[in-house]
Every structure is written in structure tokens, then in C-alpha cells.
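The values are calculated or read from the model by the stated rules, or taken from the named source; none is laboratory data. Predicted, not measured: the structure shown is a model, and the values here were computed from it. Cβ: placed from backbone, ideal geometry, glycine included. Neighbour counts: every protein chain shown.
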Amino acid sequence: MSAKPLFKRVLLKASGEALMGNQGFGIDVAVADRIASDIAQARAMGVEVGVVVGGGNIFRGVAVASKGGDRVTGDHMGMLATVINALALATSLRKLDIDTVVLSAIAMPEICESFSQRATLYHLSLGRVVIFAGGTGNPFFTTDSAAALRAAEMGAEAIFKGTQVDGIYTADPKKDPTATRFDRLTHSEVLERGLAVMDVAAVALARENSIPIIVFSIHEKGGFAEILTGGGRATIVTDN
């Protein structure tokens, strides 16, 4: 791809559900491999990439709380699910000879390195893809919040939110055929309209740090690289 990328350093947020493919649970390796190939394309253009992956394909902490269980324990279980997904995606990247490191917000040194901003910047400087696991390391915070936090810490120029659809709509287009798509929004408009693209804390953190959020379909092969160069279909959330 010859087009010049619009950003030098970005954070990609992929949902755990995206890794399921058409399965009802777990990880579809073919999907993980395709997402890895999209990241590899971005790296080939010289873009530095950090990744936050959710855990909803394996476990959701709120599911425990909704059945009367302890939310904190449930969230810890969800954090472990994100580590499983991070290791799977790292494996797919390494198959493509992409140097990759997993940094976890929860220390588990036998499995991966622990997160610190210093380690993040060091690995990025060496050209590695950095996958952030374990969410923020705190209960009551989503992986969306982790994405906004890590984006700020790594100095990302944009957050790329890979979703099931090609942008932000007035309603879920899979459920509401009258839903219309936005091309551009401000962070404040997303919050004021209550648009369910990322949670409130994540959007507010991105706004405070002047980080654009670019929402696109994670299911389009090559879509990440295309949007990085200004093409493709996406909704851009920016105050600039």
C-alpha cells in the first residue's frame, strides 16, 4: 500500500466478540489471524500500534454481578479473559514474524510482562506491536476505558475502535433499519446523544487528551490500513 498513513502511532481497540467470528464462544483462530494481518499491514506502513482487546467472547464480569455475585471478582475474571485473547492475538502476529509483546495490568510474569508506561514506550521504540492485557487492572472499568487510558499513556494520535459495523449510527443498524450513520461527531456530541460506541469514561478521557476516536468495522479485511490512509468507511470523533 503506497498511500501515506495519517498517523504515526495509534491504539487499536478490538472487542472480544470480534475474535469469536461466527462461533458462539471462544476464539476463531482464522479471525485472530486476519486481525493480525491487518495490524501487520499497518506496521509495514511504519505505523506504531498498541492494541487493547476485550474479553466478552470468554467472560463478562457484569454477568456475575447480574446474578447476585461479587462484581469485583467478576471483573477480575473478565480481566483474565482479556489476557487469553491477548496471548492468542500475539501468537497470530508472531506467525507473521511481527515482533510482539503482551503487557498485563495484572502481574503474571510466567505468562507475560507487566504493564508500565516506560516498558510500553521502550517496546514501541523497537518497532514492536504492544498488546495491553488485563484492562486497567481495576474493577468497574471497561476495556474501552483501558483503551483510552493506554492511548493517552503511549501518546497515540488516534484510537481505532473496531466494531461489528462500519461506524457510529443513530441506533443499532442490525436491529433498526432506519438507523443513519454519522461521518463525523465531536466527543461532546457522542456523550450528549448517549451514543453507545464507547462508555462515558472512555470518551471523556479521549476528549480530555484530544485523542480522536475512529470507529470502523473490524470485519473488513484490510480495512484498518485503508482507514489509516484516509480511505474506507468510518465515523471520526474529534473536536478539531
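Summary of computed values
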item	result
Filter result for residue 34 (assigned to a helix (DSSP H, G or I) and either at pLDDT below 95 or within 25 Å of residue 153 (Cβ to Cβ) (or both))	no
Subset tally (residues that are at pLDDT below 95, surrounded by 18 or more Cβ atoms within 10 Å (Cβ to Cβ) and of a type in the set (D, E, K, R)) for the stretch 1-31	0
Looking only at the stretch 37-50, and only at residues there that are assigned to a helix (DSSP H, G or I) and either of a type outside the set (S, T, N, Q) or buried (at least 22 other Cβ atoms within 10 Å of the Cβ) (or both), the one that is farthest from the chain's Cα centre (by Cα)	44
Filter result (of a type in the set (S, T, N, Q) and in contact with a helix residue (DSSP H, G or I) (Cβ under 9 Å, 6 or more places away or on another chain)) within the stretch 117-149	117, 120, 136, 138, 142, 143, 145
Residues satisfying the stated conditions in the stretch 211-240, i.e. among the polar types (S, T, N, Q) and surrounded by 16 or more Cβ atoms within 10 Å (Cβ to Cβ)	217, 229, 235, 238
Matching option when the condition is touching a helix residue (DSSP H, G or I) at 6+ places or on another chain (Cβ under 8 Å) and under 24 Å from residue 142 (Cβ atoms), among 105, 40	105
Residues (within 13 Å of residue 106 (Cβ to Cβ), part of a loop (DSSP other than H, G, I, E, B) and either small (Gly, Ala, Ser) or in contact with a strand residue (DSSP E or B) (Cβ under 8 Å, 6 or more places away or on another chain) (or both)) located in the stretch 123-143	134, 135, 137
Scan of the stretch 10-34 for residues that are among the β-branched types (Val, Ile, Thr) and out of contact with any Gly (no Cβ under 8 Å at 6 or more places or on another chain), ordered by number	27, 29
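Let's see how each residue does on (1) within 15 Å of the chain's Cα centre (by Cα); (2) of a type outside the set (Asp, Glu); (3) surrounded by 14 or more Cβ atoms within 10 Å (Cβ to Cβ):
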residue: 61; (1), (2), (3): no, yes, yes
residue: 64; (1), (2), (3): no, yes, yes
residue: 70; (1), (2), (3): no, no, no
residue: 76; (1), (2), (3): no, yes, yes
residue: 98; (1), (2), (3): no, yes, yes
residue: 102; (1), (2), (3): yes, yes, yes
